[in-house]
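J.: Would you mind keeping the following structure in view while I ask a few things?
The values are calculated or read from the model by the stated rules, or taken from the named source; none is laboratory data. All of these numbers come straight from a predicted model, not from anything done at the bench. Neighbour counts are summed over all protein chains in view; Cβ atoms, including those assigned to glycine, are modelled from backbone coordinates with ideal geometry.
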Amino acid sequence: MTFESLGLSPEILRAITDEGYTTPTPVQVQAIPLVLAGQDVQAAAQTGTGKTAGFTLPILHRLQPMASSSPSPARHPIRCLVLTPTRELAAQVQESVKTYGRYLALRSTVIYGGVAMPPQVKALQAGVEIVVATPGRLLDHVQQKTINLSQVEILVLDEADRMLDMGFIPDIRKIIALLPTRRQNLLFSATFSEDIGKLSKGILNDPATVEVARANATAMSITQLIYPVEAERKRALLTHLIRTLPIPQAIVFTRTKHGANRLCAQLEKEQIPAAAIHSDKTQSHRTRTLEQFKAGEVSILVATDIAARGLDIDQLPFVVNFELPHVPEDYVHRIGRTGRAGSQGCAISLVSPEESRERQAIESLIKQTIREEIPVNFEVIEPARRPAERRPLREADGRSRTDRRHVTRPPEGEAVAEQVVREPKVPRPVQEAPRSVYSHHHFSRPPLGLSGIKKHREIPALLGGLLKKAP
Ligand code: AMP
C-alpha cells in the first residue's frame, strides 16, 4: 500500500515525501479512505501509530478545494475544529497540519490556555480554516465572541479517552452545540471504554470503526521491563541504568509535580542533564524545555502524566516509569512515547514492593505479564523476600545469614528495617558509558540464584538500531 494509492492530492503527497514517509501505517491505511469518503469514524489508535496523519492528511485533502489565497477573512471560515486534551498535543497536531499542508493555501492556528488571548484573537480575525484547540480556552473565545464556529464541517476529538478522564466532556458538549448539525465527526482514542462508547454514540453518526491494535493492547514494538527495587533505591538505580545501559535520552515519569522537580534536581546533581515538565511550568517554559530535549541538550525529561500527554518526540528509545501510575491506562499512554510508528523502544518500570497493586492492574489491562529484569552491577533485594516476607537474619543452624549475604543499613536516623541483599557486594555502577551497546563485556555476572528472572542482555540488541543513532 502506498500513499499514492490512497488517492491523496499531489500537493499532500509532496509534503509526505518531504517528511520521508514511504508507507502508510495501519491506522492511516484504514482511516484515510473513510475520512476521504466523508464518513464519521471512531478509531482506537494509540499515540505513536501515526494517527495524527491518519486524520490530518484526508482532512487537508477534503478542504483543499476551499483553499483560497484571498486575504479576506470571509474567505477563510473555520471549516475544521480539532479538540485535544492538552496544550502540547494541540501544538503538535497543528504542527502536523502545517507540515502536511505546506503546499496548500489553507490556514491553521492553535488555541490553548496559559498564554495571552490577543495573538489568538488576531489569528482568528484574520481567518483560518483549521483550528486546533483545547476545550477551556476555546470556550473563552466563544464567550468573548472572538470565534465563529458556525461553518465547521469537520470535528475531530483527539485522545477522547483522556478528555473524558480530564473532565472535559461538559465543555465538549457545549462546543458541539455551537456547531452545524451536518458535519463529519472523527473520534480518536487510545482505548475504547464503555464511557467512550456512550460519548461517541451521542456525537458520531453511524461511524465506521477503525482499530489498529486490540483496544488496551500495547504496541508490539515496545519492549517492556520491570526492575524490582526498593522505593528508596529507585533514584540510585535510575542513575545506574542511565549510565550503564546506557540510556542516552528518556522521558521519566513521576506521579507528582513535586516528585518530578525533586528527581530532576537529583539527576542534575549527578551531572545528568535533566529538566522537569509539568503543569506548574509556564507554557513558554514547557515549550523551551521540549525544544532543548529535542535538540539533545537535555537527556532526561522528567514529566507528569498530564504534561507528557501528546508529546511527540521522534524515535525516543526509552521511557522510564520512576513510579507506576495509579490509573493503569496511563501506563499505556506513557509507554506510547517510545516505539513510535513502528520504531523500537523500551519501557522500563522501577517497581517497589508497595506498587504491586498498580502492577497487577496494569498487567491485567494489557493482558500480559511484564518481564522482570535485574540490573547488573547493582545491589538488588531478592524479590521473594520483600518486606512482608523477609526471613530472620539467623538461620536454624545458628549461622548468621550475613555469612553469605551483606546487610545494608539505612542511612543514619532512618527507621527502616535492615535489608538483606544477595551475594557479595558488587562494585559500584560503572561511571562511563560503554563504548558500544553491542559489546556485552560490561555486563558482569548477575547475582546468583535469582530464579525466574531473566538477565538484561537483550536490550542492547533490541535497541541497537536506535542507540547507534543516539549522540
Ligand atoms: P502519532 O501517532 O500521530 O503521534 O505519530 C507518531 C509519529 O509517527 C510522528 O512522529 C509522525 O511523524 C510519524 N509518522 C506518521 N506517519 C508515518 C508514516 N507513514 N511513516 C513514518 N512515520 C510516520
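J.: Filter segment 11-35 for residues that are more than 28 Å from the chain's Cα centre (by Cα) and either closer than 13 Å to R62 by Cα or outside the structural domain of L63 (by TED's automatic domain parsing) (or both) and give the result.
T.: Within segment 11-35, just E11 meets the criteria.
J.: Further, regarding this structure: Taking only pairs six or more apart or across chains, which ones have beta-carbon atoms under 8 Å, a first residue in segment 133-157 that is assigned by TED's automatic domain parsing to the domain that holds R75, and a second residue that is among the basic types (K, R) and surrounded by 20 or more Cβ atoms within 10 Å (Cβ to Cβ)?
T.: T134/R87
J.: Tell me the residue from L164, L187, L178 that is at pLDDT below 95 and at negative phi, please.
T.: On the way: L187 fails: at pLDDT below 95; L178 fails: at pLDDT below 95.
Matching residue, one of L164, L187, L178: L164.
J.: Here's a follow-up. Quick one: is R137 among the charged types (D, E, K, R) and either buried (at least 23 other Cβ atoms within 10 Å of the Cβ) or within 21 Å of V41 (Cα to Cα) (or both)? Even if it seems obvious, please write down each step before you answer.
T.: Numbers: among the charged types (D, E, K, R): yes; either buried (at least 23 other Cβ atoms within 10 Å of the Cβ) or within 21 Å of V41 (Cα to Cα) (or both): no.
It is false that R137 is among the charged types (D, E, K, R) and either buried (at least 23 other Cβ atoms within 10 Å of the Cβ) or within 21 Å of V41 (Cα to Cα) (or both).
J.: Also: Please verify whether P73 is of a type outside the set (A, V, I, L, M) and buried (at least 16 other Cβ atoms within 10 Å of the Cβ), treating the condition exactly as stated.
T.: Working: of a type outside the set (A, V, I, L, M): yes; buried (at least 16 other Cβ atoms within 10 Å of the Cβ): no.
It is false that P73 is of a type outside the set (A, V, I, L, M) and buried (at least 16 other Cβ atoms within 10 Å of the Cβ).
J.: Something else about it: Confirm whether I226 is under 26 Å from K367 (Cβ atoms) and aliphatic (A, V, I, L, M).
T.: On the way: under 26 Å from K367 (Cβ atoms): yes; aliphatic (A, V, I, L, M): yes.
Yes: the conditions hold for I226.
J.: Identify all residues within segment 158-190 that are assigned to a loop (DSSP other than H, G, I, E, B), in contact with a strand residue (DSSP E or B) (Cβ under 7 Å, 6 or more places away or on another chain) and of a type outside the set (A, V, I, L, M); write none if there are none. Spell out how you get there, then give the answer.
T.: Within segment 158-190, the first condition is being assigned to a loop (DSSP other than H, G, I, E, B), and the residues that meet it are 158-159, 166-168, 177-183, 190.
If we keep only those that are in contact with a strand residue (DSSP E or B) (Cβ under 7 Å, 6 or more places away or on another chain) as well, we get 158-159, 179, 183.
Of everything in segment 158-190, those that are assigned to a loop (DSSP other than H, G, I, E, B), in contact with a strand residue (DSSP E or B) (Cβ under 7 Å, 6 or more places away or on another chain) and of a type outside the set (A, V, I, L, M) turn out to be D158, E159, R183.
J.: Spot the failing condition for V152; the list is (1) modelled with pLDDT under 95; (2) buried (at least 20 other Cβ atoms within 10 Å of the Cβ); (3) not basic (K, R), and only one is missed.
T.: (1)
J.: Would you list the helices (runs of 4 or more DSSP H) that sit entirely within segment 1-120 and hold 3 or more residues that are within 16 Å of the ligand (Cβ to nearest atom), farther than 15 Å from L186 by Cβ and polar (S, T, N, Q)? Quick ask: steps written out before the conclusion?
T.: On the way: elements: 10-19, 26-36, 51-63, 87-100.
Those helices (runs of 4 or more DSSP H) span 87-100.
J.: Condition check: in contact with a Gly (Cβ under 9 Å, 6 or more places away or on another chain), within 16 Å of the ligand (Cβ to nearest atom) and either farther than 22 Å from R371 by Cβ or touching a residue at least 40 places away in the same chain (Cβ under 8 Å) (or both). Does L316 satisfy that? Before you say what the answer is, go through the steps one by one.
T.: Working: in contact with a Gly (Cβ under 9 Å, 6 or more places away or on another chain): yes; within 16 Å of the ligand (Cβ to nearest atom): yes; either farther than 22 Å from R371 by Cβ or touching a residue at least 40 places away in the same chain (Cβ under 8 Å) (or both): yes.
Yes.
J.: Would you tally the residues in segment 2-46 being of a type in the set (S, T, N, Q), over 19 Å from K98 (Cα atoms) and surrounded by 15 or more Cβ atoms within 10 Å (Cβ to Cβ)?
T.: Counting residues in segment 2-46 that are of a type in the set (S, T, N, Q), over 19 Å from K98 (Cα atoms) and surrounded by 15 or more Cβ atoms within 10 Å (Cβ to Cβ) gives 5.
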